[in-house]
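The values are calculated or read from the model by the stated rules, or taken from the named source; none is laboratory data. The model shown is predicted, which means the values in this text are computed figures rather than measured ones. Cβ: placed from backbone, ideal geometry, glycine included. Neighbour counts: every protein chain shown. Keep in mind that these areas ignore ligands, DNA and RNA; they rest on the heavy atoms of the full protein, side chains included. Shrake-Rupley method; radii C 1.70, N 1.55, O 1.52, S 1.80 Å.
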Amino acid sequence: MEAIRKQATKLREQVAKQQQAVLKQFAGGLGGSETAVNDDTELQQHQKLEKLYFSTRAGKHFQRDIIRGVEGYIVTGSKQVEIGTKLSEDSRKYGAENTCTCGSTLSQAALSYSRARALIEKEHGHLLKALGTQVAEPLRAMVVGAPLEDARQLAQRYDRVRQEVEAQAIEVSRRQAKVRESNGHPDYVAKLEAAETKLEELKSNMAKLGKEAAAAMAAVEAQQQRLTLQRLITMVEAERHYHQRILQILDQLEAEMLSERQRNEDPPRTAAENTMQPPPSYGELNGVFASQSNDGSMDALGYFLGEVVHPYQAESDVELSLSVGDYVVVRKFFKLCGRQQTCSARAAIWLVL
């Protein structure tokens, strides 16, 4: 249909130019120069209206494309919200049941994920609602609104009157030829004057309708451009706010899950472990602790580490089997006698602890 309309418009313009050429040739003393000026002005007005018509039509189609895209996004997004909500509920159930016997790390992570997913789907729902109420609905109201339809009707009325003017101009040209052929016969002259009067009335009506249609179409075009730009900006702002909120939620969720995993991999010490004394060092084990008795004699205990260089197989339950390379704590007990601190070999006792 658009191709047919364009072709018809081109044909009408060609016919109008040919008619103007005929009128200029035969107008003579009937004000031909003024008629030519008026026709040029009208042609400019017609071209302006055509540009406005094509511009508003393209804008209308773009608005419809946005509406279809937003509606499709809402349908798809609603399905995603439904799936995400189901995933959130499943995660919550797993975390609440806590059936694992080796710890609750995954259960806690599942609960955190459930809460975060619920917030994400809530924000997604807000985005879809904003796109529907703040983008699709205003654009749809303008597409089917009265201003655009009224402006298009004015342009169509102007087009019909213009066709009538073209037809009447041909009639005037024909009447002028008959007047010249009849050497100014009164009947032909009267008919010519009536035809010219009607042509002037049609041209005046056409000029008036052209101005009204051009003003209405220009106002619709400006409103169309402004509103469509505002809705696009609103859509971008809504999506930007949505993604910022999602990023905040995901950052917080990641921190919670990593913290829970770290607590599981590095469990804190118990109170008993924190108060336990550290084991004695090698130097302490090799030191000597001496105690003096009241009668002046001294008992000494010596401790040191020893490495087994010869294996030994225990022969009874109270003995200790040793293998080469084992380390044992050795306690040496001996009796120091008198001031010379001498000791008999039979008094020395070696104990393996």
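Annotations for the structure displayed:
- Local charge for ALA118 was computed over the other residues whose Cβ lies under 14 Å away, with Lys and Arg +1 and Asp and Glu -1, and equals +2.
- In this simple spin-label approximation, LYS211 and ALA314 carry label points 7 Å from Cα along the Cα→Cβ vector, and these lie 12.3 nm apart.
- For TYR312, the amide hydrogen comes within under 5 Å of the amide hydrogens of LEU322, SER323, counting only partners 5 or more places away or on other chains and with H modelled in the peptide plane.
- Within the accessible area of segment 82-216 (1.4 Å probe), percent carbon and sulfur: 54
- Label-to-label distance, THR41 versus GLU181, with points set 7 angstrom from Cα along the beta-carbon direction: 3.4 nm.
- Pairs exceeding 30 Å between alpha-carbon atoms, taken from LYS60/LYS208; LYS86/LYS129; LYS51/LYS191; LYS51/LYS129; LYS93/LYS122: LYS51/LYS191; LYS51/LYS129.
- Hull volume per residue, based on the alpha-carbon atoms of segment 108-150 and their convex hull, is 34 Å³.
- The residues neighbouring VAL143, those whose beta-carbon lies less than 9 Å from its own, together hold a net charge of +3 under the Lys/Arg +1, Asp/Glu -1 convention.
- Extension reserve of the ARG263-ALA141 stretch, reckoned as 0.36 nm per residue once the Cα distance is removed: 38.2 nm
- 13 Å beta-carbon shell around THR228, net charge (K/R +1, D/E -1): +3
- Scattering curve values for segment 132-250, log₁₀ I(q)/I(0), Debye with Cα scatterers, q = 0.13, 0.19 Å⁻¹: -0.70, -0.97
- Pairwise label distance in nanometres, SER104 with LYS129, each label 7 Å out on the Cα-Cβ vector: 3.4
- With all protein chains modelled, accessible area of THR41 [1.4 Å, Å²]: 80
- Estimated D of segment 210-269 in µm² per second, where Rh is the Kirkwood radius over Cα pairs and Stokes-Einstein applies at 20 °C, 1.002 mPa s: 133
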